[in-house]
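The values are calculated or read from the model by the stated rules, or taken from the named source; none is laboratory data. Just so you know, these numbers come straight off a predicted model, no measurement behind them. Note that each Cβ is placed from the backbone with ideal geometry, even for glycine, and that neighbours are counted across all protein chains shown.
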Amino acid sequence: MGRPLSPPLVAALAESQRLGMLGDRPVEQVVEHAAAFVDALAGVEGTVVDLGSGGGVPGLVIADARPDLHVVLVDRRVSRTDHLRRLVGRLGFAGRVEVRRLDAAALPPAIADAVVARGFGPPPATLRAATPLLRPCGLVVVSEPPPDEQDDARWPPALLAELDLVAVEHDDRRVVIFRRVDQSP
């Protein structure tokens, strides 16, 4: 990511953690892991949808690092979206970060230049939820388990072909990146 951590962002995510929305890893490590999403979005412009935003990672980290993007935080739980709305206001992200309480399937199609997911669900469910949201050539960026827990069968080629996705080569094993094949939504 190459930027120092924003103290207000770290404080906001620490609050998410206290509420049980981020797990027990130190917040600085959570933010550092989210840097892989920021790096994966280097060439993206426009709108990024964060599926299952929970306590705000990676969506709020992306919004902090990339003020040029419109970020949509999506979660179906009222307690989480209420919390996210408070954090968006406190962090000064209003107007460029939107919080939506709904199931990902209820989002309109082709609204995103990229979709990100950290712990959203099993790989096929994550891709099936993300792909309809993508504009042509859009990216899906998904968190990966540690290398010793990764499995080549996680992303079946037949599923990628069915969803018109191709893997994007990159060096950071913390995330996997797929690009939607250029065609109309």
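Every residue, every condition in (1) small (Gly, Ala, Ser); (2) farther than 17 Å from Ala35 by Cβ, yes or no:
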{"position": "Asp50", "(1), (2)": "no, no"}
{"position": "Val57", "(1), (2)": "no, no"}
{"position": "Val71", "(1), (2)": "no, no"}
{"position": "Val74", "(1), (2)": "no, yes"}
{"position": "Leu84", "(1), (2)": "no, yes"}
{"position": "Val88", "(1), (2)": "no, yes"}
{"position": "Ala94", "(1), (2)": "yes, yes"}
{"position": "Ile111", "(1), (2)": "no, yes"}
{"position": "Ala117", "(1), (2)": "yes, no"}
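Can you find a residue that is assigned to a helix (DSSP H, G or I) and either surrounded by fewer than 18 Cβ atoms within 10 Å (Cβ to Cβ) or of a type in the set (Val, Ile, Thr) (or both) anywhere in region 64-73? Even if it seems obvious, please write down each step before you answer.
First pass over region 64-73, keeping only residues assigned to a helix (DSSP H, G or I): 64-65.
From what's left, either surrounded by fewer than 18 Cβ atoms within 10 Å (Cβ to Cβ) or of a type in the set (Val, Ile, Thr) (or both): none.
No, region 64-73 contains no residue that is assigned to a helix (DSSP H, G or I) and either surrounded by fewer than 18 Cβ atoms within 10 Å (Cβ to Cβ) or of a type in the set (Val, Ile, Thr) (or both).
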Candidates Asp64, Asp50, Asp68, Asp75 - the one that is acidic (Asp, Glu), touching a helix residue (DSSP H, G or I) at 6+ places or on another chain (Cβ under 8 Å), modelled with pLDDT of 95 or more and more than 20 Å from Gly119 (Cα to Cα): Asp64
Residue in region 1-18 that is surrounded by fewer than 16 Cβ atoms within 10 Å (Cβ to Cβ) and under 19 Å from Arg179 (Cα atoms) present: no
Residue in region 74-90 that is free of Cβ contacts under 8 Å to residues at least 60 places away in the same chain, among the hydroxyl-bearing types (Ser, Thr, Tyr) and buried (at least 23 other Cβ atoms within 10 Å of the Cβ) present: no
Filter result for Pro122 (surrounded by fewer than 14 Cβ atoms within 10 Å (Cβ to Cβ), under 19 Å from Phe37 (Cα atoms), out of contact with any Cys (no Cβ under 9 Å at 6 or more places or on another chain) and modelled with pLDDT of 95 or more): no
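Can you pull out the residues in region 24-57 that are of a type in the set (Val, Ile, Thr), over 18 Å from Pro4 (Cα atoms) and part of a loop (DSSP other than H, G, I, E, B)?
Quick first cut of region 24-57, residues of a type in the set (Val, Ile, Thr) only: 27, 30-31, 38, 44, 47-49, 57.
Imposing the further condition that a residue be over 18 Å from Pro4 (Cα atoms) reduces the set to 44, 47-49.
Correct list: Val44 only.
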Index of the failed condition, Ala42 passing every other in (1) crowded, with 19+ Cβ neighbours inside 10 Å; (2) under 15 Å from the mean Cα position of the chain (by Cα); (3) not hydroxyl-bearing (Ser, Thr, Tyr): (1)
Residue pairs meeting the criteria (Cβ under 7 Å; at least 6 apart or on separate chains; first under 15 Å from Ala63 (Cα atoms), in region 92-104; second of a type in the set (S, T, N, Q) and surrounded by 12 or more Cβ atoms within 10 Å (Cβ to Cβ)): Val99/Thr81
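May I ask you to say which residue of Asp103, Asp151, Asp164 is at pLDDT below 90 and more than 20 Å from Ala35 (Cβ to Cβ)?
Every option except Asp151 fails the conditions.
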Qualifying positions in region 152-171 - closer than 20 Å to Val44 by Cβ and surrounded by fewer than 15 Cβ atoms within 10 Å (Cβ to Cβ): Val166, Ala167, Val168, Glu169, His170, Asp171
Residue that is surrounded by the fewest Cβ atoms within 10 Å (Cβ to Cβ) [pool: residues in region 172-185 that are within 15 Å of Ala114 (Cα to Cα) and in contact with a helix residue (DSSP H, G or I) (Cβ under 9 Å, 6 or more places away or on another chain)]: Pro185
